[in-house]
1. Here are the criteria: (1) more than 20 Å from Arg17 (Cα to Cα); (2) of a type in the set (Gly, Ala, Ser); (3) modelled with pLDDT under 95. Tell me which single one Gly49 does not satisfy.
2. Show the residue pairs that are 6+ apart or on different chains and have beta-carbon atoms under 8 Å apart, the first residue being within the range 55-73 and polar (S, T, N, Q) and away from ligand 2 (no atom under 16 Å from the Cβ), the second being assigned to a helix (DSSP H, G or I) and open to solvent by less than 50 Å² (accessible area, probe 1.4 Å).
3. Out of Leu34, Leu24, Leu11, Leu29, which single residue is within 24 Å of Pro86 (Cβ to Cβ) and part of a loop (DSSP other than H, G, I, E, B)?
4. Could you list, in sequence order, all residues of the range 79-106 that are in a strand (DSSP E or B) and more than 16 Å from ligand 2 (Cβ to nearest atom)?
5. Considering (1) surrounded by fewer than 16 Cβ atoms within 10 Å (Cβ to Cβ); (2) modelled with pLDDT under 95; (3) more than 30 Å from Glu126 (Cα to Cα), say which one Thr43 fails and leave the rest.
6. Cβ-Cβ under 9 Å, sequence separation 6+ or interchain: first residue in the range 80-108 and under 25 Å from Ser63 (Cβ atoms) and among the hydroxyl-bearing types (Ser, Thr, Tyr), partner in a strand (DSSP E or B) and open to solvent by 40 Å² or more (accessible area, probe 1.4 Å). Which pairs?
7. Name the single residue that is farthest from ligand 1 (Cβ to nearest atom) among those in the range 62-72 being crowded, with 19+ Cβ neighbours inside 10 Å and assigned to a strand (DSSP E or B).
Amino acid sequence: MVDMARWGPMLAAAGIRVTNQRLLVLDVLAAHRLPVSAQRVHTELQDRGEHTGLTTVYRALASMAEAGIVHAFTHMGEAVYRLCGPARHHHLVCRVCGMVAERQENDVVDGFRAEEVYGVCATCEER
Ligand SMILES: [Zn+2]
Ligand SMILES: [Zn+2]
């Protein structure tokens, strides 16, 4: 059910242990374009019949965020997570819907490297 061949090498390359929980969490994140909360990941795992605890989901997300595979954002005061592409990038984040786009230019302004840039996405702008 979980795509081991896809996520296993990714965890290994990031230098963290391949565990079933991490693989499951990655599999859920990969199905979402928008960043999702730990609660949402947990609910979807329950729906799949996986009895992974919420604390385990939090820990898996935190370790993968630390390893740089997953990026953590704050949307409406809630921590949300997104599976990131392998290339070095920063994020354009819509403050209305939480949509994230990866931007691969490595802008450094006055010694600052951008991690997140907030704005309004095209879809929200049209509303
Ligand atoms: Zn990212
Ligand atoms: Zn938006």
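1. Among (1) more than 20 Å from Arg17 (Cα to Cα); (2) of a type in the set (Gly, Ala, Ser); (3) modelled with pLDDT under 95, Gly49 violates only (3).
2. Ser63/Arg22
3. Checking each option against the conditions leaves just Leu34.
4. Correct list: Ala79, Tyr81, Leu83, His90.
5. (2)
6. Close Cβ pairs satisfying both conditions: Tyr81/His71; Tyr81/Ala72.
7. Val70
Conditions tested, residue by residue: (1) surrounded by fewer than 17 Cβ atoms within 10 Å (Cβ to Cβ); (2) in the same structural domain as Ala38 (by TED's automatic domain parsing); (3) modelled with pLDDT of 95 or more; (4) farther than 15 Å from Arg17 by Cβ.
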position	(1), (2), (3), (4)
Gly53	yes, yes, yes, yes
Thr56	no, yes, yes, no
Ala60	no, yes, yes, no
Thr74	yes, yes, no, yes
Gly77	yes, yes, no, yes
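The values are calculated or read from the model by the stated rules, or taken from the named source; none is laboratory data. Everything numeric here is computed off the predicted structure, so don't read it as measured data. With ideal geometry, Cβ positions are generated from the backbone for all residues, glycine too; neighbour counts draw on all protein chains shown. Heavy atoms of the whole protein, side chains included, go into the accessibility calculation; ligands, DNA and RNA do not. Shrake-Rupley method; radii C 1.70, N 1.55, O 1.52, S 1.80 Å.
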